[in-house]
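All of the numbers you see were taken from the coordinates with simple rules; none came from a lab. Everything quoted here is computed from the prediction, not taken from an experiment. Counting neighbours? That spans all protein chains shown, and the Cβs are built from the backbone with ideal geometry, glycine included.
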Amino acid sequence: MKVTGFTFIRNAVRFDYPVAEAIKSILPVCDDFVVAVGDSEDNTEALVRSIDRDKIKVINTTWNDSAEMKTGGKVFAAETDKAFRAVPDDSDWAFYIQGDEAVHEKYLDAIRAAMLKWKDTREVDGLLFNYLHFYGSYDYVAISPRWYSNEIRVIRNDKSIFSYRDAQGFRKGDNMKLNVKPVDAYVYHYGWVKEPGVMMRKVKNASSFYSGNRNQEAAIDSKSFDYSSIDALSRFGGTHPAVMQDHIDRKNWSFDHDMSFNRLSLRYRGKIFIRKYLGIDTFYRNYRLI
């Protein structure tokens, strides 16, 4: 079995993306790794190349800044597709990770076992992972249903598969959902744990790729990101991936959340009630469990 990792990144240093940690977290189960490095204004390419010169292949890309590609974050999917298309034909699986994600080393054996188990079952298009979304700091995780709880991160090396919408998931062929098997592993998402000033710069940059989204545009008026607007958090009691520890040790701000202020909208409370007591899942799924 051959596994190729892949991702895309641009201006990782400028916006404090832990992309090196992201890549390192899954590199032990990858035979090689493709990174689409966009036209950056910092030393992102040098950072990526320094990780593992034997395993990592860098492809240089130019992001499409047209108005069409800045609608709904389409450019992120386009960059993901560029990396995926560069995955060698002899690879069985392609392991995707984004620049603000990481996988704990305790899950790597289970992930590899799942890839081996389903490698020759052609109807399985990919593997579905659980998610932890850290918010404010590395000590809190978001627990509102508005945060996606699962997503596809391992896909079969089938070039009819493509990145969907703003690169959150994948589809294939004529916009069909992928058939997936769940894997007992979590992806740790660190996209919302930066110091408020850095976080606001990241939000402003990201919002430029979602033109026409009034909610995004309304959120970037200040110089500092307001973390207090979160609806519900829980304190994290586990351990972080070892590759993230140095990044965590260098954090330069503190964040505390009073759980008594947790609140969920009536809409989400209703969805949770229906799923729990009626067994009907009304939450959006961009995949088909088989």
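Just in region 112-184: which trypsin sites (Lys or Arg not before Pro) are loop by DSSP and have at most 15 other Cβ atoms within 10 Å? Working shown, then result.
Details: sites: Arg112, Lys117, Lys119, Arg122, Arg146, Arg153, Arg156, Lys159, Arg165, Arg171, Lys172, Lys177; in loops: Lys119, Arg122, Arg146, Lys159, Arg165.
When the trypsin sites (Lys or Arg not before Pro) of region 112-184 are filtered for loop state and at most 15 Cβ neighbours within 10 Å, Lys119, Arg122, Arg146, Lys159, Arg165 remain.
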Gap separating the Cα centres of region 62-96 and region 142-164, nearest whole Å: 14 Å
Radius ratio Rg over Rh of the chain, counting only Cα atoms, Kirkwood formula for Rh: 0.94
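Can you give the FRET efficiency to the nearest 0.05 for Ser160 and Arg285, using r as the Cβ-Cβ distance and R₀ = 25 Å? Each step should come with its number before you reach the end.
Working: r = 20 Å, r/R0 = 0.81.
E(calc), rounded to 0.05, equals 0.80.
Direction-averaged shadow area of the convex hull around the Cα atoms of region 60-114, nm²? Provide the component values of the computation, followed by the final result.
Working: hull surface 22.0 nm².
About 5.5 nm², averaged over all directions.
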Find how many whole Å separate the alpha carbon centroid of region 237-257 from the alpha carbon centroid of region 179-209. 15 Å
Cα-Cα over 20 Å: which of Lys70/Lys204; Lys74/Lys177; Lys24/Lys159? Lys24/Lys159
Which lysines does Lys117 reach when only Cα atoms under 16 Å apart count, and residues fewer than 8 places away in its own chain are ignored? Lys2, Lys181
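Could you work out how much longer the chain between Tyr148 and Asn60 gets when fully extended? Use 0.36 nm per residue separation minus the Cα distance between them, nm to one decimal. Let's see the in-between values first.
Numbers: separation 88, 0.36 × 88 = 31.68 nm, distance 3.04 nm.
Taking Tyr148 through Asn60 to full extension adds about 28.6 nm, to one decimal.
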Counting only Cα, what are the radius of gyration and maximum Cα-Cα distance Dmax of region 1-73, in Å? 13.1, 41
